[in-house]
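Here is the structure we will look at, set down as structure tokens.
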Amino acid sequence: PTCPGHGRPRQLSPSPCEAAPGAGADNSEIWPKLFAAGLSGFLTLPEARRCRLISPSIRRLSSAAGQRDPYEGWKSVGLPGGLSQPIMEALWAEDLGAAGRGQAWKELLLGGITLQQRAGTHQDYYEKLCNQPSKYDSVIKRDVHRTLPNEELFRERQGAGQLALFRLLRALAIRLADIGYCQSLNLIVATLIGVFPEDESLVFNCSLALLLRHSLVDLYRPKFPKLG
């Protein structure tokens, strides 16, 4: 990656274990002190696992303290959010490619849940909702034309990407009746269109799951309760 405006390589932040004293060496004195001070309690799960993988000292100290690999307990039951261990391992190790990335998104968002659908209501199927006029249509159209304009999928005015984005945002505005449409929903939906460009119904369901399952919808409710 390059530093914006300068073109020079940008230094990426190292993980806690890679930022150890001694230019990355596995220092035999500093790690016991950090571990005794509660280092593991300040690490995210990916960071804790990476520390175990690249630092013999952390691995030895963790084993002595009876600490296991942070993902060990989830191998049979799956990870939080419905993400299975094989998918998590693949994400950890390498880029999944377009097909695998879609599978990961789908499993993370839709795994283990059923979205309510009631014909003839605001919870109707996507194919019905996207064809119903909405009072937010003009606002949505304005945002559609300025959503990810440098992405090939959305570059063409009234192209396939923009039309799909409009239909999806209209359907969401009807489905989420207490919210309607708010700016930045266009970016969430556009991202998912990029993952599932051939399946609008799946994009719609994944968008709903992302908003409802993970409580992002509260960022958009009247008075923005999640923003405090």
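The values are calculated or read from the model by the stated rules, or taken from the named source; none is laboratory data. Quick caveat: nothing in here was measured; it's all calculated off a predicted structure. Positions of Cβ are backbone-derived with ideal geometry, glycine not excepted, and every protein chain shown enters the neighbour counts. Quick note on the areas: whole protein, heavy atoms, side chains included, nothing else; ligands and nucleic acids left out. Shrake-Rupley method; radii C 1.70, N 1.55, O 1.52, S 1.80 Å.
Of everything listed in (1) modelled with pLDDT of 85 or more; (2) in a helix (DSSP H, G or I), the single unmet condition for residue 146 is (2). Out of 168, 187, I need the residue that is aliphatic (A, V, I, L, M) and in contact with an Asp or Glu (Cβ under 8 Å, 6 or more places away or on another chain). Which one? Just one listed residue meets the conditions, 168.
Within the range 185-228, which residues are among the charged types (D, E, K, R) and at pLDDT 90 or above?
Matches in the range 185-228: 198, 199, 200.
Flag not set for residue 147, criterion: open to solvent by 70 Å² or more (accessible area, probe 1.4 Å) and within 25 Å of residue 104 (Cβ to Cβ). Restricting attention to the range 99-123, the residues that are open to solvent by less than 80 Å² (accessible area, probe 1.4 Å) and assigned to a helix (DSSP H, G or I) add up to 8. In the range 169-185, the residues that are acidic (Asp, Glu) reach residues that are at pLDDT below 95 with C-beta atoms within less than 8 angstrom, at least six apart or across chains, in these pairs: 178/221; 178/222. Pairs are defined by a Cβ separation below 9 Å, a sequence spacing of at least 6 or placement on different chains, a first member in the range 104-121 that is on the phi > 0 side of the Ramachandran plot, and a second member that is open to solvent by 60 Å² or more (accessible area, probe 1.4 Å); the pairs so defined are 120/128. If you filter the range 125-143 down to residues that are part of a loop (DSSP other than H, G, I, E, B) and not aromatic (Phe, Trp, Tyr), you find that the one that is surrounded by the most Cβ atoms within 10 Å (Cβ to Cβ) is 130.
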